[in-house]
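Everything below concerns the one structure shown next.
What follows is calculated from the coordinates using simple rules that are stated; it is not laboratory data. All figures in this text were calculated on a predicted structure; none of them were measured in a lab. We place every Cβ from the backbone using ideal geometry, glycine too, and count neighbours over all the protein chains shown.
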Amino acid sequence: MPPPASSLISADTEKLTAVATQAADLRVAFFSDSLPERNGTGAYYHDLIGQLAPLVGATEIFQPKPRKGRPILSLPMPGDPLQRLVAPNIWRIRRGFRDLRPNIVVSITPGPFGLLGLYHARRHGVCFISAFHTDFEKLARLYWRPFNRAIVNGILRNINRLLCHQSRTVLINNSDLRKDVVALGAPSVEVMGTPIQPIFLERPIQAPQKTVGQICFAGRLAAEKNVDQIIVAARNFPNIKFVIGGDGPLRKKLETEAASIGNVRFTGWLSRDALVDLLDSSSLLLLPSKMETFGSVALEAMARGRPALVSANAGIHDWPLLKAGLFKLEQDQPLTDALSAILKLPADTWQRKGRDARKAAEQLNDETITQWISVLGSCVETK
């Protein structure tokens with residue numbers, strides 16, 4: 001039987017306990033327009049709240065609820081019609097906010113839920129923090145025509161400016177975003193780490209194979225993820241299995257492109273348990289994205305003792321302690337060329353890289369939870 005999740009939150013138990021004692025009276029309301037675990041942002045806060053819950057007084061996230069069919073009052077998000085901006089149930093949230101009695105509000109997204117978080121924070125006089133996880137303006141440039149893009153980007157820019165101006169501090173997890181949020185009026189900026197769901201730490205580690213037999217990808221099958229480069233690489237390495245996990249607007253197109261290739265398999269959407277299985281059965285994770293704010297799945301792979309090849313633009317490279325478990329895909333470098341170099345590494349290098357990856361992922365997780373508690377505590381102290 002695995003140990004409880006709370007016992008895995010930190011290797012440095014005394015440090016976290018001291019921080020948690022100071023933060024025991026924190027009551028935090030998160031507001032997000034993302035569904036839980038639907039995308040990177042949704043997964044981030046699902047994992048974060050799971051680890052914060054035993055350390056703070058109370059926490060709750062107000063976000064859209066999964067439902068069948070298309071909500072009546074909704075708009076598609078850039079690049080993925082399966083993700084939509086949904087009108088909040090104002091009465092449900094008002095009751096939940098009243099019952100929670102938070103002293104901190106964190107708005108995560110520049111949509112209706114994020115704005116409702118700001119409204120409640122100002123109405124009740126509690127400390128307000130916002131987070132800037134995704135550059136939606138860049139996404140709109142990838143997907144939408146100039147006229148629609150200009151309108152949407154203008155709206156998003158004004159909402160982000162409002163949220164940044166009203167925030168005690170703005171949270172980012174990619175240092176490249178700092179200049180953007182400062183330009184939007186952020187009074188201060190915190191570069192935050194990324195938490196890991198306990199399942200990636202609890203399950204026994206499977207030792208990596210001495211030779212690379214399988215390589216995987218996990219994430220949204222969308223233009224910014226550059227998954228077509230994985231299919232190109234699969235053609236060049238016919239003796240290696242390539243497993244592509246996830247769903248998204250490009251799934252049918254990618255499956256058609258790979259139909260004639262015998263070493264490519266698509267899994268569809270993956271639960272967290274299934275993702276752990278995929279990572280454990282693979283030697284390397286690929287994340288060749290055109291734009292990647294952080295790259296949480298790479299950190300999850302590292303937590304399973306698997307290195308990851310990640311685009312240089314991803315925020316995960318900002319964390320020096322993670323360098324030991326990562327390979328960097330340079331801008332404009334063909335994925336096939338990068339893989340060719342990696343596959344020549346000796347078996348003992350793979351073993352060491354895997355051990356270093358696991359250790360670094362655990363350390364970042366510990367530091368991230370401590371950092372979150374510190375930021376939340378400072379918000380209340382300086383109110």
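Semi-axis lengths, largest first, of the ellipsoid equivalent to segment 199-363 are 22, 17, 17 Å, with √(5λ) applied to each eigenvalue of the Cα gyration tensor. Taking other residues whose beta carbon is less than 11 angstrom from the beta carbon of Ile215, and scoring Lys, Arg as +1 and Asp, Glu as -1, yields +2. The ranking of Thr194, Thr169, Thr349 from fewest to most other beta carbons within 10 Å of each one's beta carbon is Thr349, Thr169, Thr194. Of His317, His133, the sequence from fewest to most neighbouring Cβ atoms within 10 angstrom is His317, His133.
The residues Leu275, Leu184, when put in order of fewest to most other Cβ atoms within 10 Å, stand as Leu184, Leu275.
By the Cα gyration tensor, segment 305-383 has an equivalent ellipsoid whose semi-axes, rounded to whole angstrom, run 33, 16, 6 from largest to smallest.
Sequence-distant contacts, meaning Cα pairs under 8 Å at least 6 residues apart, place the relative contact order of segment 199-363 at 25 percent.
Between Arg272 and His124, full extension at 0.36 nm per residue minus the direct alpha carbon distance yields a gain of 49.6 nm.
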